[in-house]
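Single-structure report; data block below.
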Amino acid sequence: MSDPAQLVQKIRATLAPCRLGDWPTPLERAAALGRAVGLADLTLKREDRSSARYGGNKVRALEFLLAGAPPGTVFVTLGGTGSSHCLATAVHAPAAGGRAVLAQFPQPDTPASRAVAAACQAHAALVVRARARASLPLAVLAAWRRAGALGPRRWIPGGGAHPRAVVGHLVAGLELASQVAVPPDAIVLPLGTGGTAGGLALAVTALGWPTRVVGVRVAPIFVANRWRTMRLANSARRLLARHGIRLPPPASRIPLVVVDGLGPGYGHPTPEGEAASRLASEHGLTLDPTYGAKAFAFLLQRATCNVQRVVFWHTFAVPGPQTELVP
Ligand SMILES: Cc1ncc(COP(=O)(O)O)c(C=O)c1O
């Protein structure tokens with residue numbers, strides 16, 4: 001591709017996302033941590049720092065998902081009680097002139113999920129909690145109905161898994177091109193609903209890089225899988241084509257690899273994740289047990305994989321004082 005920055009400009013000019021984040025997010029070398037996991041070169045893409053109000057990977061998606069909403073829009077979405085997608089929607093909706101209503105299912109209680117759940121309660125216009133995962137559809141219906149009394153509604157799929165969101169993550173991948181001298185062997189990230197990995201897979205393909213995108217599955221297979229991720233990526237490609245933006249076609253099979261990191265279930269810490277988390281924290285990196293720890297654990301076990309230069313996509317932002325305080 002001739003100029004990734006120009007493509008980003010064209011995408012922004014055409015799809016008119018709102019501005020919620022601070023771009024580019026930093027790319028940091030983590031030499032000592034890299035040595036500790038046996039990598040020649042480890043860098044961290046700090047998506048957790050995407051916004052001073054509340055960061056994380058979902059800000060990329062929300063710039064495209066919240067755009068163009070009429071004033072007073074109520075954005076209705078769903079997730080676990082510790083869902084950073086839910087929290088990011090609730091925190092950033094006001095910048096798009098709206099508010100958020102959340103339907104949530106219970107997930108294992110950890111300090112990270114508790115902090116996110118508390119911040120969701122503080123920022124959302126309304127949170128409807130299902131007693132169990134099985135009753136989530138009822139909670140979603142109740143949330144949708146009650147949101148109708150608050151203003152015009154817009155549905156945001158769980159995890160923000162929508163082609164427009166994938167375009168946001170494609171932009172993130174194109175941004176990486178201006179931050180590295182040489183394409184990495186792999187980009188490693190947690191795989192939930194697939195929008196982030198789908199966008200990055202589109203980016204490396206468009207850039208013509210030999211990089212593999214390794215999505216570490218942290219959600220059940222019916223949610224997190226290669227088929228769904230590729231479907232999202234292809235829908236994003238078609239969405240852009242409808243707007244006259246044609247991405248270079250893949251030279252071969254799209255280099256997305258899905259590996260399993262789920263363990264006993266979504267949000268349940270795993271021993272491998274906890275070990276990864278301890279090691280990362282010795283090097284000043286905070287990983288959450290649902291996403292980051294499980295994805296980073298892949299790097300500790302990757303002895304069989306021939307990767308040396310890795311970008312770890314650091315997606316989870318810990319809610320901070322500013323997340324709590326800004327209304
Ligand atoms: C912190 C964090 N990391 C990674 C993911 C996975 O992203 P995706 O759903 O786009 O696969 C999520 C999804 O909710 C998330 O909140």
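Throughout, read-outs are computed from the coordinates displayed, never taken from laboratory work. Just so it is clear, the structure is predicted and the values come from calculations on it, not from any experiment. Cβ atoms come from the backbone with ideal geometry, glycine included; neighbour counts cover every protein chain shown.
Where does each of 278-290, 2-14 land if you order them by average Cβ count within 10 Å, highest first?
Per-residue Cβ counts within 10 Å, averaged per peptide and sorted highest first, yield 278-290, 2-14.
How do the peptides 225-236, 199-210, 52-63 rank, highest first, by the average count of neighbouring beta carbon atoms within 10 Å per residue?
52-63, 199-210, 225-236
Report the residues of region 61-90 in range of a label on S135: point 7 Å along Cα→C-beta, backbone N strictly under 19 Å from it.
Inside the label zone: 78-82.
I'd like the distance separating the alpha-carbon centroids of region 107-144 and region 235-309, in whole Å.
Region 107-144 and region 235-309 have Cα centres spaced 25 Å from each other.
Taking amide H positions as placed 1.01 Å from N in the peptide plane, with prolines and chain starts having none, which residues 5 or more places from V37, or on another chain, fall under 5 Å of its amide H?
Amide H neighbours of V37: none.
How do 155-165, 18-28 rank on mean C-beta neighbours within 10 Å, highest first?
Order by mean packing, descending: 155-165, 18-28.
5 Å is the cut-off here: which amide hydrogens, built 1.01 Å from N in the peptide plane, fall below it relative to G80, excluding neighbours closer than 5 in sequence?
Here the answer is F105, since their amide H atoms fall under 5 Å of that of G80.
Could you give the size of the charge dipole of region 58-160 about its Cα centre, using +1 on the Cβ of each K and R and -1 on the Cβ of each D and E, expressed in debye and rounded to the nearest 20?
Dipole magnitude for region 58-160 comes out near 200 debye.
With unit charges on the beta carbon (Lys/Arg positive, Asp/Glu negative), name the residue among Q179, I11, A317 whose Cα is farthest towards the positive pole of the charge dipole of the chain.
Farthest along the dipole direction, towards plus: I11.
When the helix-only estimate is applied to the chain (DSSP H runs of n ≥ 4, each -39,500 (n - 2.57), divided by the residue count), what is the mean residue ellipticity at 222 nm, nearest 500 deg cm²/dmol?
-12000 deg cm²/dmol
How high is the relative contact order of region 58-160? Use alpha-carbon pairs under 8 Å, at least six apart in sequence, and give a whole percent.
Working: 203 pairs, mean separation 37.5, N = 103.
Once divided by the residue count of region 58-160, the mean separation gives 36 percent.
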